[in-house]
Amino acid sequence: MMLSRCGRGYRASPALPRGRRAPEGDPCRKHPGTLSGVLRAVREYRERVVHPPRPAQHGPGGGGGVRPGGLVGMGGFLLGATGMFATMYSTQAILPQLGRAFHVSAASTGLTISATVAAVAIGAWLWGPWSDRHGRRPAIILASALLVLPTVGVALVPSFPLLLACRAAQGLCMPGLLTVGVPYVVEAFGPRLGGRAMGYYVVALVVGGLIGRVGVALLAGPFGWRVGLGVLAVLPALGAGTMLRSLPDVTALRGAGVTRGARMRQLASRRLLQASAGGAALLFSFIGLFSYIAYRLEAPPFGLGAEIGSLIFLLWVLGAIGPVAGRWVDRWGWRRVALACLATVLGGIVLSLPETLPAVALGMALVALGMFAGVTAMQVGVAHAATFDRGLASSFYFSCYYSAGAVGGFVPGLAWEAWGWVGVAAVSGAAILAAAGVLGLGRRDGGGGASVTAAAGSA
C-alpha cells in the first residue's frame with residue numbers, strides 16, 4: 001500500500017492520475033491534508049479492505065455474535081448433555097432399593113423409567129418448535145437449568161406417586177437439550193468438526209448413561225438411594241452455568257414464509273422417516289436385549305449373580321466409537337453407515353444365541369457398537385432431512401425414538417416369558433430387519449464429506 005496525492009488530501013491506496021480527485025466515500029475526502037487525516041485514512045483502509053469485520057451470527061433468541069465453535073467450544077454443551085442423560089436412567093440400577101423403600105412391586109418400580117421416557121417423547125414436541133422460534137441456545141440453557149429442580153425433588157419425595165411425578169418432570173425438561181441438541185450440533189459445530197461433532201455428542205450421552213447407572217449404584221450402596229439420585233443435580237447445574245458463559249449461538253433456520261403444508265411435507269419426507277425408523281428400531285432392540293440379558297445370565301447354564309451379571313453394562317463404553325462413526329458418515333454418507341450398523345446389530349443378535357459366555361459377550365458387544373454408531377448416523381440423517389425448522393424434525397425423530405424405547409422395555413419381556421432368549425432375539429431381529437428394509441428404499445447417499453457440513457451450511 002502507498003500514500004499518494006489525491007486532490008487536497010492523501011489516498012491510502014495505489015496512486016491516482018495527477019489532478020484527479022478521490023471518489024465519494026474515499027477516506028481522503030474525509031481527512032484532507034493533515035498527518036492525522038492520513039493516519040486515520042490508513043486505519044480505515046485496513047479496517048475496510050485488509051481486515052474486514054466478520055459478520056456476527058445473531059440467533060433469534062438473542063446473545064448473537066458468537067461464531068460456530070470447535071471442540072473446545074463444545075465443552076459446556078457436552079457437560080450439559082452428560083448431566084441430562086445421567087438422570088434419564090438413573091433409577092434402573094437401584095430398582096430393588098426403590099421397591100423396598102416404597103413397598104411396591106418390581107413392575108411398579110419400572111414405572112420410574114417408563115414415566116421419564118414417555119415424558120421425553122411428549123416434551124420433544126414442545127422444545128423442538130420452541131427452539132426454532134426462540135433460538136437453540138436459550139432452549140438448551142433453560143432446559144438444563146430447569147432439570148435441576150425435579151432432580152433434587154426425586155431425592156426428597158416422601159411417596160412413590162410423587163417420585164413418579166418428579167421423574168416425569170425430568171423427562172419433560174430433557175428434550176430441551178436432547179431434541180434441540182441434534183440440530184444445534186449440526187449448526188454450531190458441524191462446519192468445523194463435520195461428522196465428529198455428532199459423534200462427540202453421542203459419546204457425552206454414553207458417559208451420562210454410565211454415570212446414571214454405575215455411579216448411582218455405587219453411591220446408593222453406602223449412602224442410600226436418595227444421595228445417589230440427588231448428587232446428579234450437580235451435573236445439569238454445572239452444565240447450565242458453563243453454557244451460559246460459553247455456549248455459541250447460531251441462527252435457527254426457521255424458513256420465513258414457509259407454509260404449514262410445507263412443514264407437514266417435510267415431516268413426511270422419506271429421508272426423515274427412514275432416519276426415524278432406523279433410530280426407533282435401534283433403541284427398541286437395544287433396550288430389549290440389554291434389559292433381559294440380565295435374566296439370561298442369572299439362569300442356567302450361566303448362573304451368574306446380579307453383581308457379576310451387571311458388568312454387561314460396561315459395554316456402554318463402546319459408545320466411544322461415536323466420533324469414528326461421524327468420520328464414516330462424512331466419507332460414505334449417513335444411510336450407508338446406518339445400514340452397516342443395522343447389519344452389525346443383527347449379527348450380534350445371532351451371535352448371542354449360543355449358550356456360551358464368550359459368544360454372548362461378543363454378541364452384545366456388537367449390539368452396542370452397532371447401536372451407538374448407528375444413532376450417530378441416524379441423527380445426521382435427521383439434520384439432512386430438514387431444510388428449515390430442524391427443531392420440529394428433531395422432535396418427530398425423538399418422539400419415534402423414545403416411543404419405541406418405551407415399547408422395547410415391555411414387548412421383549414413378553415417374548416422372554418414365552419420363548420426365552422430366542423424370543424427376545426427374534427423380536428429384536430425383526431425390528432432391525434424392518435428398519436433395514438425401510439432404509440434400503442430410494443436412492444443412496446452421495447459421496448463422502450458433505451454430510452454434516454452440508455447440512456450445517458444450509459443454516
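Bear in mind these aren't lab numbers, they're just calculated from the coordinates by the rules spelled out. Because the structure is predicted, anything quoted here is derived from the model rather than measured. Quick reminder, even Gly has a Cβ in these numbers, built from the backbone with ideal geometry, and neighbours come from all protein chains shown.
Scalar couplings 3J(HN,Hα) for the range 152-166, obtained by applying the Karplus form with A = 6.51, B = -1.76, C = 1.60 to θ = phi - 60°, are 5, x, 4, 7, 10, 5, x, 9, 5, x, 5, 4, 5, 5, 5 Hz; x denotes Gly and Pro.
Provide Ser159, Ser428 in ascending order of the number of other Cβ atoms located within 10 Å of each residue's Cβ, fewest first. Walk me through the numbers on the way to the answer.
Numbers: Ser159 9, Ser428 29.
In increasing order of surrounding Cβ atoms, one gets Ser159, Ser428.
Using θ = phi - 60° in the Karplus curve 6.51 cos²θ - 1.76 cosθ + 1.60, the 3J(HN,Hα) couplings for the range 397-403 round to 4, 6, 5, 5, 4, 7, 5 Hz; x is entered for Gly and Pro. Can you give the net charge of the other residues whose Cβ lies under 14 Å from the Cβ of Phe160, counting K and R as +1 and D and E as -1? Here the count lands on +3. Converting phi to 3J(HN,Hα) with the Karplus coefficients 6.51, -1.76 and 1.60 and the offset θ = phi - 60°, the range 229-246 yields 6, x, 4, 4, 5, 5, 5, x, 5, 5, x, 4, x, 5, 5, 4, 8, 10 Hz in sequence order, with x at every glycine or proline. The fewest-to-most ranking of Ile349, Ile140, Ile122 by surrounding Cβ atoms within 10 Å reads Ile122, Ile349, Ile140.
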